[in-house]
Amino acid sequence: MVKINTCPLILALFIPLMFCIITSCGDRPSRKPESPINLQMTDSTSEDEAPDDYPSVNALLVSPGNPHPGEAFRILATGGKNIRKAKIIVSGPSGNPESLKSKNGEGLPFWRIDDFAGSSAGKYTVTLIAGKKEVCNTEFIIPSEEAASQKTNGVWKTIRGWDSRMEALYSAWINALFQDCDEQASWSALHEVTQNQDKNFLYNHFSLGEDDPNGKNKVIMQPDCADNPFFLRAYFAWKLGLPFGYHVCDRGYLGRNPNTGQWITNETSGSKTHPILAFNSFLRRVMDGVHSGTARTSLDNENSDYYPVSLHHGALRPGTVYADPYGHTLILISWMPQTSDHPGMLLSVDAQPDGTVGIKRFWKGNFLFNTSEVVGEPGFKTFRPISLNDGTPLLMQNKALTNSAGFIPFSLQQRKMEADVFYHTMERLINPKPLDPEDALLDLIRALHEQLMVRITSVANGEAYFKSHPGTVIPMPSNAAGVFQTGGQWENFSTPNRDLRLLIAMDAVLDFPDRIVRTPEDFDISSFTSPEQVKKKLQTILDEKVSELSISYTRTDGSLQKLTIKEILARRDAFEMAYNPNDGVEIRWGAPENSDERSTCRRHTPSYQLERMRSVRKWFTNRLHPPT
């Protein structure tokens, strides 16, 4: 990276310097470029049609926005499946630089990223050729001098509104950001993800070192689950000069969905002039304004930040958000297709109250769904695009969000949907072909094991806190709703929501052999074998596998305690009372009373909190979440 004197350039990077949209292949702009966002996008469907009748969107994006002489740059292209075989041709004063390396992703949309070495100053043209046909093109400038600075009263200047092309680029960016990450992947903060230059296409897009881990001024992102989708959306919008906003919402109550109030956008006056510090300050404001109710507003609320989509492969793209009925939020990042020897997977990323960010797969243990006796309307949703009308940002209305317009269509399919229908529909999307029963069972057991591995870190975080704060007692909320939904140290270190999901996951694993008998049509069962025979065989496999897999946690005395999944399943009743961080780690892993394992425990929940836990236990026993 070429080092430059950034002070005169800081404000200029957020103001229109160069912007071109070419509406037909081969056209050239007649006016001088105005924006650092170098885009050429057409809504044409590729020859190789995208799955599920969703048209592919061709788009080109250059990053950094205006590379300096000698500074390496990247080009992101989106489109149909044939984007992998397409050619990206760059031409300019220094000739035709060749791509140094390329990688691609399986969207939707499909995408590829090509890396180029730095070139000399001047105007460059980028052309995307697919199937010997020029699909789209754009121009960008490598400036020889720093641009004159201009001022903005907002946090950042809005250059253009969201459209189908920008949504395609956003999905591609999310997919690339977490490409090749599995369920073992986790980070202590979201900015650790964006500081990965290999994964983040927009790394140092402003050439200010804003994503440099060792930089003096850098982006800091430490969201919880509700903030996480907004932080990612804001980061992308900030880098590309797009409008971003969120509504101040109330939390609603049983019988009334959360309502939307004041709309805060990036055009709101900022308290700082340095762009990176201004962005960080704005994210803190987002964190204060966004909460679990934000994602559960009414499905047809046209002032909401999200709108609902259908349970359809083309709608559940990277960047789509899942709002569960009880306040947790996840972001889809990729589909892993079903193969002959492995079930498919739908992967997501979430954040925890302690700031941890991790990968989660779709299944009952991670994605809770219920539409009765809950506050708000849950389900899969995506960000409502913000368009510009004479420079004024406007939320797009439901009737405009159609497939023909290039957007994921607005849909009320999930409204009042029964949980069994929801899960069955999703399972058929993830695994369109009947599953091999043994493979499906082993996959569920692996998912449970991964969930237990993640819990190790959550419990250990609480132990670390008490070691640095000896004698502390974390206050416990006085009612069931507060136990599951509160703030402060209780939210940071207790695990009621995680443990409820864990109990549901345990039930799903134990119930699987019986499921074969209930819905044999979902599985690839030989006509010469009865479902009852398959059930018996699966029960044997289940008993063997849960005895093989194990986890280990660190006891109070520093020794390691190994537990097989079979032992943990036998303790599942204890996990209905294992979420209080004031208990020692042995109790939180269900160690039986008077056992050798529990003998090292030195910390116990106060008696008054224990009584509250007994009154709350019915929610865990019934596998239900109190309305919050």
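Report, ordered by the first and then the second residue, all pairs with beta carbons closer than 6 Å, sequence separation of six or more or different chains, a first member in the range 252-263 that is in the same structural domain as ASN303 (by TED's automatic domain parsing) and on the phi > 0 side of the Ramachandran plot, and a second member that is assigned to a loop (DSSP other than H, G, I, E, B) and surrounded by 15 or more Cβ atoms within 10 Å (Cβ to Cβ).
Qualifying pairs under 6 Å: GLY252/PRO258; GLY252/VAL375; GLY252/GLY376.
For ARG572, which of the numbered conditions (1) under 21 Å from ILE445 (Cβ atoms); (2) basic (Lys, Arg); (3) assigned to a helix (DSSP H, G or I) fails to hold?
Result: ARG572 passes all but (3).
Could you give every pair whose Cβ atoms fall below 6 Å, whose first residue belongs to the range 278-304 and is within 17 Å of GLY487 (Cβ to Cβ), and whose second residue is basic (Lys, Arg) and surrounded by fewer than 23 Cβ atoms within 10 Å (Cβ to Cβ), counting only separations of at least 6 or pairs across chains?
GLY293/ARG251
Output the residues belonging to the range 398-424 that are outside any helix (DSSP H, G or I), surrounded by 13 or more Cβ atoms within 10 Å (Cβ to Cβ) and not small (Gly, Ala, Ser).
Quick first cut of the range 398-424, residues outside any helix (DSSP H, G or I) only: 401-418.
Filter once more, keeping what is surrounded by 13 or more Cβ atoms within 10 Å (Cβ to Cβ): 401, 403, 405-415, 417.
Of everything in the range 398-424, those that are outside any helix (DSSP H, G or I), surrounded by 13 or more Cβ atoms within 10 Å (Cβ to Cβ) and not small (Gly, Ala, Ser) turn out to be LEU401, ASN403, PHE407, ILE408, PRO409, PHE410, LEU412, GLN413, GLN414, ARG415, MET417.
Just to be sure I understand, how many residues within the range 609-624 are surrounded by fewer than 18 Cβ atoms within 10 Å (Cβ to Cβ), within 22 Å of LYS364 (Cβ to Cβ) and modelled with pLDDT of 95 or more?
Final tally of qualifying residues: 3.
Identify the single condition in (1) touching a Gly at 6+ places or on another chain (Cβ under 7 Å); (2) in a loop (DSSP other than H, G, I, E, B); (3) crowded, with 22+ Cβ neighbours inside 10 Å that ARG251 does not satisfy, given that it satisfies every other one.
For ARG251, the exception is condition (3).
Any idea which residue in the range 517-529 is modelled with the highest pLDDT, counting only those that are over 33 Å from the mean Cα position of the chain (by Cα) and exposed (fewer than 14 other Cβ atoms within 10 Å of the Cβ)?
Only one residue fits best here, namely VAL517.
Whether any residue in the range 283-291 is crowded, with 21+ Cβ neighbours inside 10 Å, in contact with a strand residue (DSSP E or B) (Cβ under 8 Å, 6 or more places away or on another chain), more than 27 Å from ALA176 (Cα to Cα) and at pLDDT 95 or above is what I want to check.
No: zero hits.
Between a residue in the range 556-575 that is without any contact (Cβ under 8 Å) to a residue 60 or more places away in the chain and any residue that is assigned to a strand (DSSP E or B) and of a type in the set (A, V, I, L, M), which pairs come within a Cβ distance under 9 Å, given they are 6 or more apart or on different chains?
Listed pairs, sorted by first residue: LYS562/ILE551; LEU563/ILE551; THR564/ILE551; ARG571/LEU563.
Of everything in the range 404-419, what is under 26 Å from ILE333 (Cβ atoms) and more than 23 Å from the chain's Cα centre (by Cα)? Give them in sequence order.
Taking the range 404-419 first, the residues under 26 Å from ILE333 (Cβ atoms) are 405-415, 417, 419.
Of everything in the range 404-419, those that are under 26 Å from ILE333 (Cβ atoms) and more than 23 Å from the chain's Cα centre (by Cα) turn out to be ALA405, MET417.
Kindly list, by first and then second residue, each pair from a residue in the range 314-330 that is assigned by TED's automatic domain parsing to the domain that holds GLN352 and touching a residue at least 12 places away in the same chain (Cβ under 8 Å) to a residue that is small (Gly, Ala, Ser) and not in a loop (DSSP other than H, G, I, E, B), limited to pairs with Cβ atoms under 6 Å and residues at least 6 apart or on different chains.
ARG317/SER171; PRO318/SER171; GLY319/SER171; ALA323/ALA295; GLY327/SER292; THR329/ALA295; THR329/ALA323; LEU330/SER348
Taking the range 314-330 on its own, how many of its residues are closer than 22 Å to ASN461 by Cβ and part of a strand (DSSP E or B)?
Selection size over the range 314-330: 2.
Between ASN196, ASN214, ASN228, which is buried (at least 21 other Cβ atoms within 10 Å of the Cβ) and of a type in the set (S, T, N, Q)?
Working: ASN196 fails: buried (at least 21 other Cβ atoms within 10 Å of the Cβ); ASN214 fails: buried (at least 21 other Cβ atoms within 10 Å of the Cβ).
Testing whether each residue is buried (at least 21 other Cβ atoms within 10 Å of the Cβ) and of a type in the set (S, T, N, Q) leaves just ASN228.
Would you check if there is a residue in the range 533-543 being surrounded by fewer than 17 Cβ atoms within 10 Å (Cβ to Cβ), in contact with a strand residue (DSSP E or B) (Cβ under 7 Å, 6 or more places away or on another chain) and not hydroxyl-bearing (Ser, Thr, Tyr)?
no
Somewhere in the range 219-239, is a residue hydrophobic (A, V, I, L, M, F, W, C), over 30 Å from LEU429 (Cβ atoms), in contact with a strand residue (DSSP E or B) (Cβ under 6 Å, 6 or more places away or on another chain) and assigned to a helix (DSSP H, G or I)?
So in the range 219-239, the residues hydrophobic (A, V, I, L, M, F, W, C) come out as 219-221, 225-226, 230-232, 234, 236-238.
Restricting the remaining residues to those that are over 30 Å from LEU429 (Cβ atoms) gives 219-221, 238.
Remaining after also requiring in contact with a strand residue (DSSP E or B) (Cβ under 6 Å, 6 or more places away or on another chain): none.
So far as the range 219-239 goes, no, none of its residues is hydrophobic (A, V, I, L, M, F, W, C), over 30 Å from LEU429 (Cβ atoms), in contact with a strand residue (DSSP E or B) (Cβ under 6 Å, 6 or more places away or on another chain) and assigned to a helix (DSSP H, G or I).
A quick yes/no check of all residues on (1) modelled with pLDDT of 95 or more; (2) farther than 20 Å from ILE456 by Cα; (3) not in a loop (DSSP other than H, G, I, E, B):
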residue	(1), (2), (3)
LEU347	yes, yes, yes
GLY365	no, no, no
ASN370	no, yes, no
GLU377	yes, yes, no
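For ILE129, only one of the following conditions fails: (1) assigned by TED's automatic domain parsing to the domain that holds PRO67; (2) touching a Gly at 6+ places or on another chain (Cβ under 8 Å); (3) not acidic (Asp, Glu). What is its number?
ILE129 satisfies every listed condition except (2).
What strands (runs of 3 or more DSSP E) lie completely within the range 59-160 and have 1 or more residues being among the β-branched types (Val, Ile, Thr)?
Of the strands (runs of 3 or more DSSP E) lying wholly inside the range 59-160, those with at least 1 residues that are among the β-branched types (Val, Ile, Thr) span 73-79, 87-91, 110-116, 122-130, 133-142.
Please give the helices (runs of 4 or more DSSP H) falling wholly within the range 467-563 in which 3 or more residues are closer than 30 Å to ASP341 by Cβ and in the same structural domain as SER615 (by TED's automatic domain parsing). So that I can check it myself, show each step before the final result.
Values: elements: 480-484, 488-493, 496-518, 531-548.
By residue number, 496-518, 531-548.
The values are calculated or read from the model by the stated rules, or taken from the named source; none is laboratory data. The model shown is predicted, which means the values in this text are computed figures rather than measured ones. Reconstructed Cβ throughout: ideal geometry from the backbone, glycine too, with neighbour counts over all protein chains shown.
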